[in-house]
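Comments concern the structure below.
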Amino acid sequence: MTTSDKILIAPSILSADFSILGQEVTAIDEAGADYIHIDVMDGHFVPNLTFGAPVVKSIRKCSKKVFDVHLMISPVDPLIDDFVAAGADIITAHVEAGPHLHRTLQHIKSKGVKCGVSLNPHTPIESIKHVMDDVDLILIMTVNPGFGGQSFIPLLDKIADAREMIEATGRNIDLQVDGGINPETAKQVIKAGANVLVAGTAVFKDGPEHYASHIKSLRGDS
Ligand code: DX5
Ligand code: ZN
């Protein structure tokens, strides 16, 4: 890998207790999370609703870790500036969210935050061939976006293809996988070339006293 050999864990706060969201963010920070993965859903691009930029702004004070904002919204462009202002470090938009992906990625980059692109399970990896120079992160969805707790779709060949495309650029681009990640599927996606693992259920399932050990086992440290 040209990216750091360290496996980074990005707990998805979709599985957190929303009634104490700030405390949950602090707890995963202290438990060793590398990125805080923030799933924004609009009830239109995906069949579920979560929260918007004001919530991101309010939890920004709970952690200094990388705020990794996964936008499952369409249209994307009108809300990018709000998430930047709220404190996002990475903003990821979906290939499928609109007809002008290149414009969306340029908009994200122009704001000085890291720029990610995400692909739904059915979307061929070739769809991002012409934007490779613009991205800092590629997010391969291994579930259909919208909900936590779904089963992993084994798109290992797609992950390997993405890794090859990243290597060909010679740049440091994160290869992130999201959906159904547990210690078993984590091993498979790491072997295929992923270096950032998103996990909701597998981190949050047993309460705060277990967050650190769950994060460790996803990293393959135990
Ligand atoms: C799904 C979200 C994921 C989700 C993962 O649309 O993008 O980040 O929270 O949840 P688990 O790890 O439970 O599959
Ligand atoms: Zn996500």
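The values are calculated or read from the model by the stated rules, or taken from the named source; none is laboratory data. In this text, all values refer to a predicted model and were calculated from it rather than measured experimentally. Backbone-built Cβ (ideal geometry, glycine too); neighbour counts: all protein chains shown.
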Of the conditions (1) under 25 Å from Gln23 (Cα atoms); (2) part of a loop (DSSP other than H, G, I, E, B); (3) within 16 Å of ligand 2 (Cβ to nearest atom), the single one that Leu197 does not satisfy is (2)
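Yes/no matrix, rows are residues, columns are (1) within 15 Å of ligand 1 (Cβ to nearest atom); (2) among the β-branched types (Val, Ile, Thr); (3) farther than 29 Å from Gly170 by Cβ:
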site	(1), (2), (3)
Ile9	yes, yes, no
Ser19	no, no, yes
Glu24	yes, no, yes
Pro54	no, no, yes
Arg60	no, no, yes
Checked His70, His37, His44 against criteria (under 26 Å from His122 (Cβ atoms) and either part of a loop (DSSP other than H, G, I, E, B) or modelled with pLDDT under 95 (or both)); the one match is His44
Discussion item. Yes or no: segment 176-189 includes at least one residue that is in contact (Cβ under 8 Å) with a residue 40 or more places away in the chain, within 15 Å of the chain's Cα centre (by Cα) and surrounded by fewer than 19 Cβ atoms within 10 Å (Cβ to Cβ).
Written reply: no
Over segment 119-154, the set of residues within 15 Å of ligand 2 (Cβ to nearest atom) and aliphatic (A, V, I, L, M) is Leu119, Leu137, Ile138, Leu139, Ile140, Met141, Val143, Ile153
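Yes or no, residue by residue, for (1) in contact with a Ser or Thr (Cβ under 8 Å, 6 or more places away or on another chain); (2) among the acidic types (Asp, Glu); (3) part of a helix (DSSP H, G or I); (4) within 22 Å of Ala168 (Cβ to Cβ):
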{"residue": "His107", "(1), (2), (3), (4)": "no, no, yes, no"}
{"residue": "Ser118", "(1), (2), (3), (4)": "yes, no, no, yes"}
{"residue": "Ile128", "(1), (2), (3), (4)": "no, no, yes, yes"}
{"residue": "Asp133", "(1), (2), (3), (4)": "yes, yes, yes, yes"}
{"residue": "Leu139", "(1), (2), (3), (4)": "yes, no, no, yes"}
{"residue": "Asn144", "(1), (2), (3), (4)": "no, no, no, no"}
The lone condition Phe152 fails out of (1) under 17 Å from Ser127 (Cα atoms); (2) touching a Ser or Thr at 6+ places or on another chain (Cβ under 7 Å) is (1)
Taking segment 159-194 and the residues there that are under 23 Å from Asp89 (Cβ atoms) and among the polar types (S, T, N, Q), the one that is nearest to ligand 2 (Cβ to nearest atom) would be Gln176
Output for Cβ contacts, cut-off 7 Å, separation at least six or different chains, first residue under 21 Å from Leu119 (Cβ atoms) in segment 60-81, second small (Gly, Ala, Ser) and in a strand (DSSP E or B), reads Asp68/Ala10; His70/Ser118; Leu71/Ala93; Val76/Ala93
When every residue in segment 190-219 that is out of contact with any helix residue (DSSP H, G or I) (no Cβ under 7 Å at 6 or more places or on another chain) and of a type in the set (A, V, I, L, M) is compared, the one nearest to ligand 1 (Cβ to nearest atom) is Val198
Within segment 157-175, restricting to residues that are under 17 Å from the mean Cα position of the chain (by Cα) and without any contact (Cβ under 8 Å) to a residue 40 or more places away in the chain, the one that is surrounded by the fewest Cβ atoms within 10 Å (Cβ to Cβ) is Lys158
In segment 132-152, anything within 16 Å of ligand 1 (Cβ to nearest atom), surrounded by 16 or more Cβ atoms within 10 Å (Cβ to Cβ) and without any contact (Cβ under 8 Å) to a residue 40 or more places away in the chain is listed as Ile138, Met141, Val143, Phe152
Within segment 4-58, residues closer than 18 Å to Leu218 by Cα, more than 16 Å from ligand 2 (Cβ to nearest atom) and surrounded by 19 or more Cβ atoms within 10 Å (Cβ to Cβ) come out as Ala27, Ala31
